[in-house]
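Report on one structure; see the data block that follows.
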Amino acid sequence: MARVRLDHVRKQYDNGFVAVHDASFEIHDGEFVVLVGPSGCGKSTTLRMIAGLETISSGTLMIGDRVVNDVAPKDRDIAMVFQNYALYPHMTVFDNMAFGLKLRGFSKQEIRERVHRAAEILDIGGILDRKPRQLSGGQRQRVAVGRAIVRQPQVFLFDEPLSNLDAKLRVQMRAEISRLHRQLGTTMVYVTHDQVEAMTMGDRIVVMNGGHIQQIDEPMNIYHRPYNRFVAEFIGSPSMNFVEGDIVVNEGMSFVSSDAAFSLKLENEVTEKLRDWIGNKIVLGIRPEDIYVAGGHGVPERTGHVTATIDVVEPMGNEIFLYARAGAHRLVARVAPQPLPQPEASVTLALDLSRLHFFDPETEINIAFEAPGVMA
Amino acid sequence: MKKALAYIALVLGTVVFAYPFVWMALATFKPELEIGELALWPSRWTLESYRLVFETIPLERAFLNSVIVVVAVTGSALVFGSMAAYALARLRWRGREAVFSLILFTMMVPFLVLLIPLYTLVVRFGWADSLLGLIVPFMMNATAVLILRQSFLTIPQDIVDAARIDGCSEARILFTIVWPLSVPALVTAGIIVFIGNWNEVLWPLIVIRQEQWMTMPQMVALFAVGGGAQARLGPQLAAALLLGLPIIVAYLFFQRHFISSLATTGLKG
Ligand SMILES: Nc1ncnc2c1ncn2[C@@H]1O[C@H](COP(=O)(O)OP(=O)(O)O)[C@@H](O)[C@H]1O
Ligand SMILES: [Mg+2]
């Protein structure tokens with residue numbers, strides 16, 4: 001097992017496009033780190049640099065205690081699982097899994113043992129004689145994982161391995177990969193655009209956007225203390241609500257939405273940090289689950305009220321999504337099951353004042369952010 | 001009604017294309033005097049024409065030479081052609097586009113233009129009047145490179161990457177991963193090289209003087225035009241038929257791959 005360390009790693013493609021700017025982070029021995037971000041943000045490029053499939057334009061990459069910038073993929077002691085599985089179509093499942101071992105000169109006996117052990121872990125013992133085209137998507141995925149684990153590498157790399165599976169299978173495989181990580185204890189780097197996968201699987205999450213690392217932290221810290229507006233918006237579903245407005249002072253500090261549709265009296269803890277913003281534009285953020293219907297269940301003590309009009313009601317069974325508008329602003333609330341409000345009805349929303357986030361409208365950085373982890 | 005018309009057209013077409021060949025095949029079994037007549041079917045079957053062919057020229061030896069040459073040429077065109085195609089399709093290197101253009105360009109140069117310089121080179125290397133002179137100049141084939149490159153481009157990058165991580169060298173990726181996935185293209189390229197080389201007359205006529213190194217087409221051509229056949233039509237046709245036979249056999253053998261490859265290259269490329 002090994003740690004992976006990136007030090008000012010940069011990738012510029014032949015056409016001049018810079019896909020990764022100055023990435024620096026360390027993945028600890030045995031850690032499960034998820035790289036997450038929208039499509040095209042440079043996740044795969046980062047992973048492929050770790051794998052050795054793309055050259056590194058500048059910076060250093062270490063696996064274990066070795067600088068591997070110029071080491072061929074096969075000598076990095078890594079294994080990778082690809083989005084499209086990348087099984088060898090002309091080989092049986094057994095041969096797909098055994099191929100890397102054969103090339104490394106393992107004995108027939110050892111190969112058979114390892115393949116069967118992996119097949120048992122992944123529950124694919126019954127399909128070892130089949131060709132990939134005779135397998136379902138879920139089975140192919142397992143074989144692809146099996147091919148990676150038989151090698152017992154120092155680091156596993158996953159590039160959106162679940163994207164091609166249907167929703168149900170995805171949830172199941174998610175849990176299985178997590179279990180596999182616990183079982184093997186090997187360092188894993190997992191790329192996904194799905195924030196749910198990032199939140200549920202990662203020991204730590206690296207959020208990327210436009211080739212830049214936005215934030216690196218544990219899932220709950222990322223969720224509750226996003227470094228900037230991008231992270232706040234990307235992580236969580238439905239997304240965080242954002243309202244532009246001003247900080248004003250008259251008998252205490254308030255946030256007033258830009259069209260003055262509503263205002264919120266701010267509490268002591270936040271006023272401290274917002275002192276410099278008095279009279280300035282600011283962006284307020286609040287997650288849907290921190291908005292309640294006033295007078296309903298579980299409304300916290302200190303709330304600010306906003307009168308809004310219901311647009312759409314989405315009952316999910318265990319919860320309800322309310323899409324509402326207050327003046328020109330749109331708010332999504334995620335509330336407990338209750339009698340459904342009608343569209344176009346007026347509703348009083350209660351915003352949890354202890355859960356407000358504030359962002360600099362220029363830099364989009366979280367104003368109250370105190371760095372516990374590393375920042376880009 | 002429409003369908004019937006279509007079938008009639010197809011049958012007519014087939015007859016038009018097949019007739020000369022069928023006529024020729026049957027004529028080789030006719031007595032010489034009967035060949036000029038219109039009738040398709042021999043009134044009496046005879047192997048007289050074939051006897052004369054085998055009596056006059058060392059056809060077995062020529063056949064062996066041809067097989068050696070065509071196997072060596074086709075084999076190396078596929079092996080080396082695949083290497084070039086792989087480098088052009090799957091590796092990133094400076095000058096790749098330029099080299100590819102150059103290969104395309106060589107396809108447009110008529111062989112006649114190259115004849116004299118090529119002959120001079122072969123003589124210098126001491127390969128004239130030997131099978132090497134027939135093999136070496138054709139070990140690379142631009143058409144084969146083109147067909148193979150096109151096919152290699154369709155193989156998903158992830159599979160190549162997976163093989164790299166699994167521990168394959170590029171050569172091993174080519175021969176253990178890419179080749180098995182490119183069988184139709186290999187067959188197509190192989191047949192094209194095979195047919196082109198098997199039928200080659202001009203080049204052997206220039207390079208080979210000694211009868212022992214002559215290939216079948218050369219031998220048959222000399223036999224037909226050079227008086228060996230004593231101006232008799234039967235033996236000439238028989239020799240020509242023998243010449244064409246391996247091609248027909250090869251085609252029948254591979255036609256499934258050949259047709260499926262021709263049918264799909266357009267879709268995939
Ligand atoms: N070989 C390449 N040449 C040029 N640009 C590339 C190449 N591969 C990827 N890119 C670009 O780099 C950016 C990041 O790609 P990628 O790392 O695949 O994103 P992600 O995996 O996060 O979706 C994209 O804008 C993509 O278009
Ligand atoms: Mg990607």
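Under a point-charge model restricted to the Cβ atoms of Lys and Arg (+1) and Asp and Glu (-1), what is the dipole moment magnitude of region A:291-376 relative to its Cα centre, in debye to the nearest 20?
Details: 5 positive and 10 negative charges, 48 e Å.
Taking the Cα centre of region A:291-376 as origin, the dipole is about 240 debye.
What relative contact order, as a whole-number percentage, does chain B give when Cα pairs under 8 Å and 6 or more residues apart are counted? Don't jump to the answer; show the numbers that get you there.
Values: 259 pairs, mean separation 79.4, N = 269.
Here the relative contact order equals 30 percent.
Which order, highest average first, do A:246-259, B:130-143 follow once you tally other Cβ atoms within 10 Å for each residue and take the mean per peptide? Numbers along the way, then the final one.
Working: A:246-259: 15.2, B:130-143: 19.1.
Going from most to least packed, we get B:130-143, A:246-259.
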(request) Would you work out which of B:Pro110, A:Tyr292, A:Leu35 lies farthest towards the positive end of the dipole of the protein assembly as shown, given +1 charges on the beta-carbon of Lys and Arg and -1 on that of Asp and Glu, about the Cα centre? (result) B:Pro110
(request) Quantify how strongly other chains surround peptide B:152-162 by giving the mean number of their Cβ atoms within 10 Å of each of its Cβ atoms. (result) 5
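Assuming a viscosity of 0.692 mPa s and a temperature of 37 °C, what translational diffusion coefficient in µm² per second does Stokes-Einstein assign to chain A, Rh being the Kirkwood radius over Cα pairs?
On the way: Rh = 23.1 Å.
My calculation gives 142 µm²/s for D.
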(request) Would you give the gap between the C-alpha center of region A:304-376 and the C-alpha center of region A:242-284, rounded to a whole Å? (result) 16 Å
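Percent of Cα-Cα pairs more than 20 Å apart in region A:95-216, please. Intermediate values should be presented prior to the final figure.
On the way: 3495 of 7381 pairs.
In whole percent, the long-distance tail amounts to 47.
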(message) Report the Cα-based extents of region A:241-359 along its three principal axes, largest first, to the nearest Å.
(response) 43, 26, 22
(request) Along Cα→Cβ, 7 Å out, is where each label goes; now give me the distance between the ones at A:Arg130 and B:Leu202 in nm to one decimal. (result) 5.6 nm
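What's the average, rounded to a whole number, of partner chain beta-carbon atoms within 10 Å of each residue's beta-carbon in A:87-94? Mind dumping the intermediate values first?
Details: counts 3, 8, 6, 6, 3, 0, 0, 0.
Across A:87-94, the average partner-chain Cβ count within 10 Å equals 3.
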(message) In whole Hz and in residue order, list the ³J(HN,Hα) couplings for region A:339-348 that follow from phi through the Karplus curve 6.51 cos²θ - 1.76 cosθ + 1.60, θ = phi - 60°; x for Gly and Pro.
(response) x, 6, x, 7, x, 6, 6, 8, 9, 9
(request) Would you mind computing Rg(Cα) / (2.2 N^0.38 Å) for region B:1-46, counting N as its residues? (result) 1.55
(request) Just the ratio, please: alpha-carbon radius of gyration of region A:148-234 over 2.2 N^0.38 Å, N its number of residues. (result) 1.14
(message) Averaging the inverse of every distinct alpha carbon separation and then flipping it gives the Kirkwood radius. What is it for region B:18-70, in angstrom units?
(response) 12.6 Å
(message) Let's test the formula: R0 of 41 Å, r as the Cβ-Cβ distance of A:Asp123 and A:Val196. What FRET efficiency results, to the nearest 0.05?
(response) 0.95
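Once you average over the residues of B:164-177, how many Cβ atoms of partner chains fall within 10 Å of each Cβ? Can you show the working numbers first?
Values: counts 7, 18, 15, 12, 5, 3, 0, 0, 1, 0, 0, 0, 5, 5.
The mean count of partner-chain Cβ atoms within 10 Å per residue comes to 5.
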(request) Scale the Cα Rg of region B:71-215 by the rule-of-thumb value 2.2 N^0.38 Å and send over the ratio, two decimals. (result) 1.18
(message) Using DSSP to call loops (not H, G, I, E or B), can you name the GluC sites (Glu not before Pro) in region B:12-90 whose Cβ has at most 14 other Cβ atoms within 10 angstrom?
(response) B:Glu37
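In the P(r) worked out for the protein assembly as shown, what percent of Cα pairs fall beyond 37 Å? Don't skip to the answer; put the middle values down first.
Values: 120952 of 207690 pairs.
Cα-Cα pairs of the protein assembly as shown separated by over 37 Å account for 58 percent.
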(message) What's the magnitude of the charge dipole for region B:19-65 around its Cα centre, counting Lys and Arg as +1 and Asp and Glu as -1 at the beta-carbon? Answer in Debye, nearest 20.
(response) 100 debye
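To the nearest 20 debye, what charge dipole does chain B have about its Cα centre, counting +1 at the Cβ of each Lys and Arg and -1 at the Cβ of each Asp and Glu?
Numbers: 18 positive and 14 negative charges, 140 e Å.
Using only the charged Cβ atoms, the result is roughly 680 debye.
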(request) Springs between alpha-carbon atoms under 10 Å, Gaussian network over chain B: tell me which of B:Met108, B:Met24, B:Met214 tops the mean-square fluctuations. (result) B:Met108
(request) Report the relative contact order of region A:11-72, percent, no decimals, based on alpha-carbon pairs under 8 angstrom and at least 6 residues apart. (result) 27 percent
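Filter A:Lys43/A:Lys131; A:Lys11/A:Lys74; A:Lys11/A:Lys102; A:Lys74/A:Lys168 down to the pairs with a C-alpha to C-alpha distance above 24 Å, please.
Details: A:Lys43/A:Lys131 31 Å; A:Lys11/A:Lys74 21 Å; A:Lys11/A:Lys102 33 Å; A:Lys74/A:Lys168 34 Å.
The pairs that break the limit, which is 24 Å between Cα atoms, are A:Lys43/A:Lys131; A:Lys11/A:Lys102; A:Lys74/A:Lys168.
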(request) Using Cα centres only, tell me the gap between region B:1-65 and region A:7-39 in whole Å. (result) 70 Å
(message) Quick check on chain B: what does the Kirkwood estimate of hydrodynamic radius come out to from the alpha carbon pairs, in Å?
(response) 21.5 Å
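What is the sum of charges, Lys and Arg at +1 and Asp and Glu at -1, for the other residues whose Cβ falls under 12 Å from the Cβ of B:Arg164? Please report the intermediate quantities before stating the final value.
Numbers: positive: A:Arg48, A:Lys74, A:Arg76, B:Arg90, B:Arg172; negative: A:Glu54, A:Asp75, B:Asp158, B:Asp161, B:Asp166, B:Glu170.
Surrounding charge for B:Arg164 is -1.
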(request) For region A:1-122, count all C-alpha to C-alpha pairs, find those more than 24 Å apart, and express that count as a whole percent of the total. (result) 39 percent
(message) What value in Å³ per residue do you get for the convex hull of the alpha-carbon atoms in region A:197-266?
(response) 118 Å³
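At a threshold of 8 angstrom on Cα-Cα distance, excluding pairs fewer than six apart, so keeping six or more, what relative contact order does chain A reach in percent? Walk me through the numbers before you get to the answer.
Details: 771 pairs, mean separation 58.6, N = 376.
The value is 16 percent.
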(request) Could you let me know the centre-to-centre spacing of region B:147-194 and region B:231-254, using Cα atoms, in angstrom? (result) 34 Å
(request) Could you run the Debye sum over the Cα atoms of region B:38-138, one equal point scatterer each and no solvent, and tell me log10 of I(q)/I(0) at q = 0.13, 0.14, 0.15 Å⁻¹, two decimals? (result) -0.75, -0.81, -0.87
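Bear in mind these aren't lab numbers, they're just calculated from the coordinates by the rules spelled out. Bear in mind the structure is a predicted one, so any value in this text is a computation, not a measurement. All Cβ positions, glycine included, derive from the backbone under ideal geometry; neighbour counts span all protein chains shown.
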